[in-house]
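Inspection log for the structure reproduced underneath, given as structure tokens.
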Amino acid sequence: MRRRLAQAVQDFGVPTLSHLQERILRDPALFARLFQYLTVQVSEMFRDPSYFRAIREQVVPILHTYPSIKVWVAGCSSGEELWSLVVLFAEEGIADRTVFYVTDINAEALRFAENGIYPLERMALFSQNYLAAGGKRSLSDYYHAAYGAAKFSQTLKSRVVFADHSLATDSVFLEAHLVSCRNVLIYFDRAL
Ligand SMILES: C[S@@+](CC[C@H](N)C(=O)[O-])C[C@H]1O[C@@H](n2cnc3c(N)ncnc32)[C@H](O)[C@@H]1O
């Protein structure tokens with residue numbers, strides 16, 4: 001935390017941490033920028049393929065029994081986990097009856113998630129994970145590649161709601177059939 005704050009002090013061009021605090025209290029936009037320093041954004045599509053395979057094989061059959069489904073992706077970062085679930089749900093024929101609620105405290109990451117655009121060079125790993133997770137087609141069926149980037153289909157996005165929400169300080173977000181909250185609680189202490 002100290003190292004990250006020291007970096008922010010340097011990048012924001014203020015002499016001390018107290019000066020940074022003073023500026024942040026006055027400027028909400030700066031507070032949002034500070035999240036880039038205070039949160040870890042590492043993510044990957046179909047990260048830990050066995051998790052997504054378990055969702056496909058053990059959870060989807062249960063979800064099939066509901067006429068409408070709500071999924072909450074809590075702490076979505078730049079959206080890789082969301083897009084993995086959206087693709088999986090489309091493939092399993094339940095995307096049409098699902099609404100995905102996607103939250104994070106980092107507004108910048110949420111914007112990224114909403115755009116659904118990733119560097120093309122990351123797609124080799126994502127595709128490998130997708131197949132290991134039981135993917136039935138080719139991941140490239142779901143995105144459009146151009147100018148060195150892959151953009152996920154906008155049709156897939158029509159059932160996604162993005163919202164700024166803190167698991168630590170905001171109240172209960174919604175009742176959902178499935179909550180996917182991965183690699184977030186590891187940053188919390190016991191009280192949180
Ligand atoms: C390492 S990423 C995990 C991304 C994704 N869930 C995955 O597993 O690939 C951790 C995310 O948790 C978010 N986060 C940290 N504290 C949070 C909080 N109190 N409420 C909501 N999101 C939080 C961070 O902004 C970051 O985007």
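The values are calculated or read from the model by the stated rules, or taken from the named source; none is laboratory data. All of these numbers come straight from a predicted model, not from anything done at the bench. In this analysis, Cβ positions are derived from the backbone assuming ideal geometry, glycine residues included, and neighbour counts consider all displayed protein chains.
Quick look at the numbers
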| quantity | calculated |
| --- | --- |
| Residue match in the range 77-84 (condition: aliphatic (A, V, I, L, M) and closer than 21 Å to residue 41 by Cβ) | yes |
| Per-region count, the range 45-74, residues over 29 Å from residue 164 (Cβ atoms) and either in contact with a strand residue (DSSP E or B) (Cβ under 7 Å, 6 or more places away or on another chain) or surrounded by fewer than 16 Cβ atoms within 10 Å (Cβ to Cβ) (or both) | 9 |
| Condition check for residue 42: of a type outside the set (Gly, Ala, Ser) and either loosely packed, with under 15 Cβ neighbours inside 10 Å or within 13 Å of the ligand (Cβ to nearest atom) (or both) | yes |
| Count of the range 164-192 residues which are among the acidic types (Asp, Glu), in a loop (DSSP other than H, G, I, E, B) and either under 18 Å from the mean Cα position of the chain (by Cα) or surrounded by 12 or more Cβ atoms within 10 Å (Cβ to Cβ) (or both) | 1 |
| Qualifying positions in the range 140-154 - within 18 Å of the chain's Cα centre (by Cα) and surrounded by fewer than 12 Cβ atoms within 10 Å (Cβ to Cβ) | 154 |
| Helices (runs of 4 or more DSSP H) (entirely within the range 81-163) containing at least 1 residues that are at pLDDT 95 or above and away from the ligand (no atom under 16 Å from the Cβ) | 123-132 |
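Yes/no matrix, rows are residues, columns are (1) over 18 Å from the mean Cα position of the chain (by Cα); (2) not in a helix (DSSP H, G or I):
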{"residue": "46", "(1), (2)": "no, yes"}
{"residue": "53", "(1), (2)": "yes, no"}
{"residue": "60", "(1), (2)": "yes, no"}
{"residue": "67", "(1), (2)": "yes, yes"}
